[in-house]
Amino acid sequence: MKVIVTSNKEIAGKEAFKLIKSAMDDGAKVLGLATGSTPIPMYKEMIASDVDFSNMTSVNLDEYVGLAPEDPQSYRYFMQSNLFDKKPFAETFVPNGKAEDPEEETKRYNKVIADHPIDLQVLGLGRNGHIGFNEPGSPFDVETRKVQLTESTIEANSRNFENENDVPRYAYSMGIGSILKSKKIVLMAFGKEKADAVKGMIEGKVTNDCPASVLQTKDDVTVIVDADAASEL
Ligand code: GLP
C-alpha cells in the first residue's frame, strides 16, 4: 500500500488524476468510480483536462435502493452532474435504484463487472471504514448485493438530504470481492472525521470491522490523504 499525504484535497485530486492518466497510458479502458464529496476534486481535474474519455467505460460502486436516476440525491444523478455531462464516456454503469427485483439487479450488475473488468477503481472511505457501501462486518469475498446501511452512515450521508428520515436505508453495493478484482485501486480520504478509519485501514489489523483494512492484502493500492485524515498515523 503506497500512502501519499498532501496538504489539501485539491492537490490530492491532482495526484489521483495523474494515476488515472498513467493507467490510461498503459491501456486502461474501464474505470471504477465513486460518489461522495471525496472524489469531486479529482472529477474537476478530469473535466478541466484535455484528456478524452469518450472511449472509456465506467462502472460505479453503488446506488441507493429506491432512488430513480433523475432524483438529485441518487448516485446516478451525482455522476451525471459531477462528471459525465461534462466529460462524456463511451458507456457508464451505475446500479439501478429503481429495479423491481433486487436479486435480478445484483445479478445484472455482477455481469456488468464481469464483462468490463475494472482497470482502476477509485474509492472514498466511510467514517466507519466502509468502502462502497460495504459496512463493518461485510464479508471480504462477496460480489454486488443489497446492503442495509448503518446508523453512522445514515447520519453521515444525511447532510445531502433534507432530513435524516429521507436517507434510504438500503443500497446496492459492489462487494469487497468485486472491488479486490480491480487491477489497481486509488483510495482518497480527507478531513479529521476520517482519521480513525484511515489509521485502521493502514495500521490496524485486517478485519471486517474496518472493511478498508482488506486493502492491505492487495497489490497496487495507492492511498491519498490530506494532513487531517493522516493525523492519527
Ligand atoms: C458514501 C459512499 C462511499 C463514500 C462515502 C464517503 O457512503 N457510498 O462510496 O466513500 O460515502 O463519502 P464522502 O466522500 O462524502 O465523505
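Laboratory data are not the source of any read-out in this text; all were calculated from the coordinates shown. Keep in mind the model is a prediction, meaning the values are calculated, not measured. Using ideal geometry, Cβ is built from the backbone for each residue, glycine included, and neighbour counts are taken over all protein chains shown.
Counting only other residues whose beta carbon sits under 14 Å from that of GLY137, what net charge do I get with K and R as +1, D and E as -1?
-3
Beyond 23 Å between alpha-carbons counts as too far, so tell me which of LYS21/LYS111; LYS21/LYS183; LYS107/LYS194; LYS98/LYS192 fall in that bin.
Those over the limit are LYS21/LYS111; LYS107/LYS194; LYS98/LYS192.
Gain in length, SER158 to ASP209, computed as 0.36 nm per residue apart minus the alpha-carbon separation, to one decimal in nm?
Gain on stretching SER158 to ASP209: 16.1 nm.
How do VAL225, VAL30 line up, fewest other C-beta atoms within 10 Å first?
In order of increasing Cβ crowding within 10 Å: VAL30, VAL225.
Starting from the 7 Å offset along Cα-to-Cβ, what nm value, one decimal, do you get for the label separation of GLN216 and LYS98?
Output for this residue pair reads 4.4 nm.
Please state, rounded to one decimal and in Å, the Kirkwood hydrodynamic radius that region 99-233 gives when every pair of distinct Cα atoms enters the mean of 1/r.
One over the average 1/r among Cα pairs gives 15.4 Å for region 99-233.
Starting from the Cα of ASP50, move 7 Å in the Cα-to-Cβ direction to define the label point; list residues of region 80-111 whose amide nitrogen is under 18 Å from there.
Those under the cut-off are 87-88.
Excluding ARG159 itself, calculate the net charge of residues whose Cβ lies under 14 Å from the Cβ of ARG159, where each Lys or Arg counts +1 and each Asp or Glu counts -1.
-4
Could you compute the FRET efficiency for ALA68 and GLU193, with r as their C-beta to C-beta distance and R0 at 41 Å, rounded to 0.05?
In this case the efficiency is close to 0.85.
For THR144, THR217, what ranking results if the residue with the fewest other Cβ atoms within 10 Å of its Cβ goes first?
Going from sparsest to densest Cβ surroundings: THR217, THR144.
Mind telling me which of ASP220, ASP62, ASP115 comes out most flexible in a GNM of the chain, alpha-carbon contacts under 10 Å?
ASP115
Restricting to region 2-226, compute how many DSSP beta bridges are antiparallel as a %, nearest 5.
The answer is about 25 percent antiparallel.
Might you report the magnitude of the Cβ-based charge dipole of region 2-226 about its Cα centre, with Lys and Arg at +1 and Asp and Glu at -1, to the nearest 20 debye?
My answer is approximately 580 debye.
What does the charge count around SER231 come to, taking other residues whose C-beta lies under 15 Å from its C-beta (Lys +1, Arg +1, Asp -1, Glu -1)?
Counting the neighbours of SER231, the net charge comes to -1.
Using a Gaussian network for the chain with springs between C-alpha atoms less than 10 Å apart, which of these wobbles most: ALA195, ALA48, ALA68?
Sorting by GNM fluctuation, first place goes to ALA48.
Helix-only estimate, please: 222 nm mean residue ellipticity of the chain, summing -39500 (n - 2.57) across DSSP H runs of length 4 or more and dividing by its residues, to the nearest 500.
Counting only the DSSP helices, I get -8000 deg cm²/dmol.
Give me, ordered by chain and number, the residues 5 or more places off GLN121 or on other chains with an amide H under 5 Å from its own placed amide H.
Amide H neighbours of GLN121: GLY32, LYS184, ILE185, VAL186.
If N is the number of residues in region 2-226, what value comes out of its Cα radius of gyration divided by 2.2 N^0.38 Å?
Relative to the rule-of-thumb radius for its length, region 2-226 sits at 0.93.
Whole-Hz Karplus ³J(HN,Hα) for region 209-221, in order, using 6.51 cos²θ - 1.76 cosθ + 1.60 and θ = phi - 60°, x for Gly and Pro?
3J(HN,Hα) across region 209-221, in whole Hz: 5, 10, x, 5, 4, 4, 5, 4, 8, 10, 6, 6, 10.
In region 110-162, which GluC sites (Glu not before Pro) fall in coil by DSSP and have 16 or fewer other Cβ atoms within 10 Å?
GLU162
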